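The values are calculated or read from the model by the stated rules, or taken from the named source; none is laboratory data. Just so you know, these numbers come straight off a predicted model, no measurement behind them. FYI the Cβ positions are ideal-geometry reconstructions off the backbone, even for glycines, and counts take in every protein chain you see. Just the protein is used for accessible areas: all its heavy atoms, side chains included, with ligands, DNA and RNA removed. Shrake-Rupley method; radii C 1.70, N 1.55, O 1.52, S 1.80 Å.
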Amino acid sequence: MAVEDKQPRAVFFNDKTLDTLAVYFLGDMHRFRENIVIPRSMGPVYIKTNEEKMVEAAFESCAFKTGMSCVLGYGFGAAVGLFSSSVSPMTVPGQEMKQSSAREILREMKGTKQSYAKNFALVGTVFAAVECTIESYRGKSDWRNGTYAGGVTGGLIGLRAGVKAGIFGAAGFALFSTLIDYYMHM
């Protein structure tokens, strides 16, 4: 009996050649598999490794989304501010005829660019943090998350100017977020 236990056990067939071919073409049926069924629609089924799942979880975390929104908002705001300041340079009342120096124009462009960049970074950070928090709380990913997050973000930003501005800011930003979400998912 001890001799029989040491012999390799056949997986499919008793014939070693057929069994080797079957294992080669069908795969070893004794390996670990996840207990899920993945329908094949386009191409082969690919099950993610644990490392891929960890990286995906890191990229989908609230901290990463908020940080990326801050960085990308800052970059986008800087680009918009640079464009805005180049299109309509600021003129001081009473000095319309005075020729501005390049240094003054560049200083003004830098200030405008920084202002836009900070504002866009702030709005992006607050919106991403609130939306991710709402999505985590609700456990759903649908259009309502963006609408609720837009309302909270618009309300918080508008609240600096008063309650009435906060209410209008919440309604406007919620509407804007809903329209953008609808347009992006069309």
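What the table shows:
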| item | result |
| --- | --- |
| Accessible-area order (highest first, 1.4 angstrom probe) of the listed residues PHE173, PHE76 | PHE76, PHE173 |
| Per residue value of the accessible surface for region 142-185 (all protein chains in place, 1.4 Å probe), Å² | 66 Å² |
| Prolate/oblate/rounded call for region 137-186, Cα gyration tensor, a/c under 1.5 rounded | oblate |
| Two-site label geometry, LEU82 and PHE64: point separation in nm, points 7 Å out along Cα→Cβ | 2.8 nm |
| VAL71-LEU18 pseudo-label distance in nm [points 7 Å out on the Cα-to-Cβ vector] | 5.9 nm |
| Percentage relative contact order, region 142-185, counting C-alpha pairs under 8 Å, at least six apart | 44 percent |
| Cross-link pairs LYS113/LYS164; LYS65/LYS140; LYS53/LYS140 - those with Cα-Cα distance over 25 Å | LYS113/LYS164 |
| Sulfur and carbon atoms: percent of accessible area, region 142-185 [1.4 Å] | 75 percent |
